[in-house]
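Notes to accompany the following structure.
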Amino acid sequence: MSENRIILEVKGLKKYFPIHKGDKTLFVKAIDGIDFEVREGETVGLVGESGSGKSTTAYCVIGMYSVTSGTILFKGKDISCASSQRPLELKRDMQIVFQDPGTSLNPQHTIYKIIELPLKVHGLAKGREMRERIVQLLESVELPESYLYKYPRMIGGGERQMVAIARALATNPSFMILDEPTSSLDVSVQAKIINMLIKLQKEFNLSYLFITHDLSLMRNVATRVVIMYLGKIAEMAPTEIFFQSPQHPYTQMLLSSIPVVTKEEEELKPKKIKSQGEIPSPVNVPPGCSFNTRCPLAKPECFEKDPVMVQVGPDHFVRCNLFA
Amino acid sequence: MGDLVKIQDLYVWFRVYGGYMKVLNGVNFSVGKGEKVSIVGETGCGKTTTMKTILRILSSQAHIPKGEVLFEEKDILKMKEGEIKRLRGRGVAMIFQDPMASLNPVFTIGDQLAAVISHSGVQDLDKEKIRQLSINALKEVKLPDPERILGSYPFQMSGGMRQRICIAMALATERALIIADEPTTNLDVTIQDQILALLRELVTKRGNSLILITHSLGIARENADRIYVMYAGNMVEVSNNEELFCNPLHPYTEMLLGCVPKLSGGGIAEGIAGRIPDYLNPPPGCRFEPRCPYATDRCREEKPDFVDVGNGHKVACFKYN
């Protein structure tokens, strides 16, 4: 895997949102210095609780937010500029599927119009070809031609997400960001979508950045897992290694909180690290290690020293004072 | 163990333009005293409708052609308005999915807790006593600094804290039955774990009965003694906790279990083809028949009964009778 070409490289990325309180300006540190990469054909699972900065990361990569500092390299080229300054070709090569297909598809447009838009913008099909291409895209997500003139409200939530995926595929991207594509869906529908995404990945040689809060889903989908907490990466490892030997106390807390359905899985959970406390506000990040308010293993130094990322195994990185 | 709630052959229809949505289709369900029961099912299968029937808070379009809902052997559907109010105030408490929507945004937590306590039928309540009971309720759900919280508004709390407040309200006074309707769906997994552990602990300590509605088989497994699986307005399977996961009988249960991503890996099953039937024109026989890989002619015509296959494990499928 590591011999594969790096497609996306994020270096020291920071994104602060200013908030004005009286004459003071505070900053929400949504992302506070993260480094990771996505290699060709890989699925990187970016996992975190709400407020951890995982969606902000996605929006910075896709260009919806300008970055505060740091660089984003896509196929070796620096793309850490605003979306308006990005070349059209780059926008074609990179697509995103959002969480809620109820709001990401225009309710006033038919499926035909929804998928037609990216084809028009990028000049990928014209005239008679257009319809053929749209039907072909629908087929690739296993939706029948009869759906062309339906409106999003007329089809189920799972099917809507399939349309959103077809729209993202329309421009033949090589890299796709999936921002919690199944979190509003039932498991039986989720299973269909996930299997579809895996199939499409093989067919079109796609690389995915998969954003989610569901670790057990990542066990089955991702090749590598990145855990975020309060705008920083806590742990990063290839999936197999990650689930065999999770190192960071936060990761262990996350894993032990997951409700499971078999005894086998029960044994895979780390010894019950009791979940305590809540994620602090990103405006008032605690000094030292940001996890110190909830960490059962916190030492005095954790309240002063912010840990640095250390390598603990092949491709396995942890940011915790216990390993420094 | 006597049954606290027993639902027998319940049908609930909703009047809409173009006919009736035949949602509940002969539901059989029971909860014993002090028992923790979970109902698992996907969106739109009728879990919440069943619970709303217990509290009689169905919308005005609802029509109940048939069925009984017994609470301590009295039929809720035949109760007078006064009796049902007493039941809501003292017998049953419900915790809803979205605490932001179930708490009133313009009243303080203290006001809202006081309203619950003053309707509970406890005698000789004065302001000071209500305040004391409110503080105790908040302490019990392990909220720090309860005096300050009494004066706060819901928007000043985090999602996890709001759900703790809802639990405090449900448990502020003596209730026989707590219904928790997807209490942790909007919460992160670490907070979910905390809230469920708290709910489990309090309900066990007080010996209440609990009905936990969820769409997650994992949550049901970790919190209930007995689990009902619901599909399209029917209970399709019920069994003791472990048994359901080792030996799922109904094809729907089996397929649903396959769809759950496992921590042990091994990929995810293909999903279940098709979708939940249209309630305006549901299939006449078994409602799972259009999606079932084992369907026969009999399934298309006849509705399977909910039969016991031993040890209280019941299943509604012709494969087993």
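The values are calculated or read from the model by the stated rules, or taken from the named source; none is laboratory data. No experiment lies behind these values; they were computed from the predicted model shown. Reconstructed Cβ throughout: ideal geometry from the backbone, glycine too, with neighbour counts over all protein chains shown. Keep in mind that these areas ignore ligands, DNA and RNA; they rest on the heavy atoms of the full protein, side chains included. Shrake-Rupley method; radii C 1.70, N 1.55, O 1.52, S 1.80 Å.
Candidates A:268, A:213, A:172 compared by Cα position along the dipole of the stretch A:6-323: farthest toward the positive end lies A:172, with charges placed on Cβ. Using only the alpha-carbon atoms, how far is helix A:111-121 inclined from the longest principal axis of chain A? Give it as 0 to 90 degrees, nearest 10. The helix A:111-121 is inclined about 80 degrees to chain A.
Across the protein assembly as shown the C-alpha pair distances fall into 10 Å bins from zero in the proportions 3, 14, 23, 25, 20, 11, 3, 0, 0 percent. Among B:174, A:278, the sequence by solvent-accessible area, most first, with a 1.4 Å probe is B:174, A:278. Sorting B:15-28, A:117-130 by their mean Cβ neighbour count within 10 Å, with the most densely packed peptide first, gives B:15-28, A:117-130. In this structure the amide hydrogen of residue B:4, modeled in the peptide plane, comes within under 5 Å of the amide hydrogens of B:31, B:32, B:33, none closer than 5 places in sequence on its chain. For the stretch A:6-323, with all protein chains in place and a probe radius of 1.4 Å, 52% of the accessible heavy-atom surface sits on carbon or sulfur.
Residues whose amide H falls under 5 Å from that of residue A:30, counting only those 5 or more places apart or on a different chain, are A:15, A:17, with hydrogens built in the peptide plane. For the stretch A:6-323, the average shadow cast by the Cα convex hull is 18.2 nm², which is a quarter of the hull's surface. Start at zero, step by 10 Å, and the Cα-Cα distances of the stretch B:54-133 spread as 14, 37, 33, 14, 2 percent across the bins. With equal scatterers on the alpha carbons only and no solvent term, can you work out the Debye log10 of I(q)/I(0) for chain B at 0.13, 0.16 1/Å? For chain B, the Cα-only Debye profile gives -1.00, -1.40. The mean number of Cβ atoms from other chains found within 10 Å of a Cβ in peptide A:207-215 is 1, as a whole number. Does any residue of the stretch A:178-194 lose at least 30 Å² of accessible area with all protein chains in place compared with its chain alone, and if so which ones (probe 1.4 Å)? The answer is A:186, A:187, A:188, A:191, A:192. Measure nothing but the geometry: give the 0 to 90° angle between the long axis through the Cα atoms of A:187-204 and the longest principal axis through the Cα atoms of chain A, rounded to 10°. So the helix axis and the longest Cα principal axis differ by about 70 degrees. The residues of chain B present an accessible area of 43 Å² per residue when probed at 1.4 Å with all protein chains retained. What residues have an amide H closer than 5 Å to that of residue B:152, excluding those fewer than 5 places away on the same chain, when H is modeled at 1.01 Å from N in the peptide plane? Here B:109, B:110 satisfy the definition. For the stretch A:125-258, pairs of C-alpha atoms spaced more than 25 angstrom apart make up 36 percent of the total.
In the context of the full set of protein chains, the stretch A:6-323 has a per residue accessible area of 42 Å² (1.4 Å probe). Look at the stretch B:215-224: the mean tally of other chain Cβ atoms within 10 Å of its residues' Cβ atoms is 3. Taking the three principal axes of the alpha carbon atoms in the stretch A:231-324, the coordinate ranges are 40, 31, 22 Å, sorted in descending order. Based on Cα contacts under 8 Å between residues 6+ apart, the stretch A:6-323 shows a relative contact order of 20 percent.
Membrane-span-like helices in chain B, defined here as complete DSSP H runs extending at least 24 Å along the helix axis by their C-alpha atoms with mean Kyte-Doolittle hydropathy no lower than -0.5, are B:189-206; this is a sequence and geometry rule, not a statement about a membrane. Taken about its Cα centre, the stretch A:6-323 carries a charge dipole of about 640 debye when Lys and Arg each add +1 at the Cβ and Asp and Glu each add -1 at the Cβ. Using alpha carbons only, how many degrees (0 to 90, rounded to 10) separate the axis of helix A:127-140 from the longest principal axis of chain A? Here the helix axis deviates by roughly 50 degrees. For the protein assembly as shown, the Cβ-based charge dipole about the Cα centre amounts to some 1200 debye (Lys, Arg positive; Asp, Glu negative; other atoms uncharged). Per residue of A:273-282, other chain Cβ atoms within 10 Å of the residue Cβ number 4 on average. Here the stretch A:1-80 yields Rg over Rh of 1.05, to two decimals, using C-alpha coordinates and the Kirkwood radius.
The helix-based estimate of mean residue ellipticity at 222 nm for chain B, built from -39,500 (n - 2.57) per DSSP H run of four or more residues and divided by its residue count, is -9000 deg cm²/dmol to the nearest 500.
Projecting the Cα atoms of A:13, B:130, A:288 onto the charge dipole of the protein assembly as shown, computed from C-beta unit charges around the Cα centre, puts B:130 farthest toward the positive end. Interface area, chains B and A: about 3300 Å² of buried accessible surface, summed, with a 1.4 Å probe and ligands, DNA and RNA left out. In terms of its Cα atoms, the stretch B:179-245 spans 30, 27, 20 Å along the principal axes, sorted from long to short.
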